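The values are calculated or read from the model by the stated rules, or taken from the named source; none is laboratory data. These numbers come from a predicted model, not from an experiment. Cβ sites come from the backbone with ideal geometry, for glycine too, and all protein chains shown count toward neighbours. To get the accessible areas, we keep the full protein, side chains included, count just its heavy atoms, and leave off ligands, DNA and RNA. Shrake-Rupley method; radii C 1.70, N 1.55, O 1.52, S 1.80 Å.
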Amino acid sequence: MDKKLIVRYIMLIVGVIIMSMGIALSIKATLGTSPISSVPAVLSIAFPWTVGEFTIVFNALLVIFQMVLLRKITISQIAQMLVCVLFGYMIDFSLLILNFPNPTDYISQWILCIISCFVLAFGLLIEVKSDITMLPGDGSVVAIAEVTNRDFGQIKPFFDLTIVSIAAILALVFLGHLEGVREGTIFAAIVVGLIIQFYDRIFGYNIDAYLAD
């Protein structure tokens, strides 16, 4: 196997692991996690399954959504399914090893929430740079963009808003109040993409140059 291809696979795995840590930190902050993890976070509070288990199920449904929307099954979709299993179990593992006291005041919650966004963005950048596959959430956005003949950037905000709205409705129905999706969810939706752009300007070109050689 080509050495650079091995590096890409390693980057994908490392990126997913780092992303899972970012999600775990956001859950610890209790201000709401990232949009794509908001539904699993809410359901894990309402039902006995873990966040990771609901993440696997939710992302598997997103892959099936892609298959139905595009009316075909691709290698990329199968790869997404495998990645989401790793992602789900790593979220649970990250929550297990990040066994420090939860923040007790609003300021420390926000500090942890901001840290989680930087960690999540770093993992996302590494995953994207691997150019092997993507998480089902982004895969779904790509599929919708392909069917509607729109740009990824045009679809992404509406997709995230839809997921967050579903999470909010689920929270109100099953919990009676907003939990698992809060102001931190909106904050993550706004800033994670900006942080990825910042990382890309700082060192992303080095990764691209190495993989292009």
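Which pairs have Cβ atoms under 9 Å, sit 6 or more apart or on different chains, and link a residue in segment 1-29 that is touching a residue at least 24 places away in the same chain (Cβ under 8 Å) and more than 30 Å from TYR106 (Cα to Cα) to one that is open to solvent by less than 30 Å² (accessible area, probe 1.4 Å) and among the acidic types (Asp, Glu)?
From segment 1-29, the pairs are MET11/GLU127; LEU12/GLU127; VAL14/GLU127.
Scan segment 21-38 for residues that are open to solvent by 40 Å² or more (accessible area, probe 1.4 Å) and modelled with pLDDT under 95 and jot them down.
Within segment 21-38, ILE27, THR30, ILE36 qualify.
Residue by residue through segment 111-156, note down the ones that are open to solvent by 60 Å² or more (accessible area, probe 1.4 Å), at pLDDT 90 or above and either within 21 Å of LEU25 (Cα to Cα) or among the aromatic types (Phe, Trp, Tyr) (or both).
Selection gives ILE111, ILE114, ILE115, PHE118, PHE122.
So, in segment 157-175, exactly how many residues are open to solvent by less than 60 Å² (accessible area, probe 1.4 Å) and without any contact (Cβ under 8 Å) to a residue 12 or more places away in the chain?
Summing the residues that are open to solvent by less than 60 Å² (accessible area, probe 1.4 Å) and without any contact (Cβ under 8 Å) to a residue 12 or more places away in the chain in segment 157-175 gives 1.
Restricting the search to segment 75-109, which residues are among the polar types (S, T, N, Q) and either at pLDDT 90 or above or crowded, with 18+ Cβ neighbours inside 10 Å (or both)?
GLN77, GLN80, SER94, SER108, GLN109, listed by residue number.
Within segment 8-20, is even one residue part of a loop (DSSP other than H, G, I, E, B), open to solvent by 20 Å² or more (accessible area, probe 1.4 Å) and within 27 Å of ASP200 (Cα to Cα)?
No, segment 8-20 contains no residue that is part of a loop (DSSP other than H, G, I, E, B), open to solvent by 20 Å² or more (accessible area, probe 1.4 Å) and within 27 Å of ASP200 (Cα to Cα).
Scan segment 127-173 for residues that are assigned to a loop (DSSP other than H, G, I, E, B) and not charged (D, E, K, R) and jot them down.
ILE132, THR133, MET134, LEU135, ASN149
Collect the residues in segment 177-199 that are of a type outside the set (A, V, I, L, M, F, W, C), open to solvent by less than 60 Å² (accessible area, probe 1.4 Å) and more than 16 Å from LEU112 (Cα to Cα), keeping them in residue-number order.
GLY193, TYR199
Rundown of residues vs (1) touching a Ser or Thr at 6+ places or on another chain (Cβ under 6 Å); (2) more than 15 Å from ILE163 (Cα to Cα); (3) acidic (Asp, Glu), yes/no style:
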residue: ILE23; (1), (2), (3): yes, yes, no
residue: PRO40; (1), (2), (3): yes, no, no
residue: ILE45; (1), (2), (3): no, yes, no
residue: ILE73; (1), (2), (3): no, yes, no
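Within segment 174-213, which residues are part of a helix (DSSP H, G or I), under 18 Å from THR30 (Cα atoms), small (Gly, Ala, Ser) and out of contact with any Asp or Glu (no Cβ under 7 Å at 6 or more places or on another chain)?
GLY184, ALA188 - these are the residues of segment 174-213 that are part of a helix (DSSP H, G or I), under 18 Å from THR30 (Cα atoms), small (Gly, Ala, Ser) and out of contact with any Asp or Glu (no Cβ under 7 Å at 6 or more places or on another chain).
Might you check whether a residue that is among the aromatic types (Phe, Trp, Tyr) and open to solvent by less than 60 Å² (accessible area, probe 1.4 Å) occurs anywhere in segment 63-70?
No, every residue in segment 63-70 fails to be among the aromatic types (Phe, Trp, Tyr) and open to solvent by less than 60 Å² (accessible area, probe 1.4 Å).
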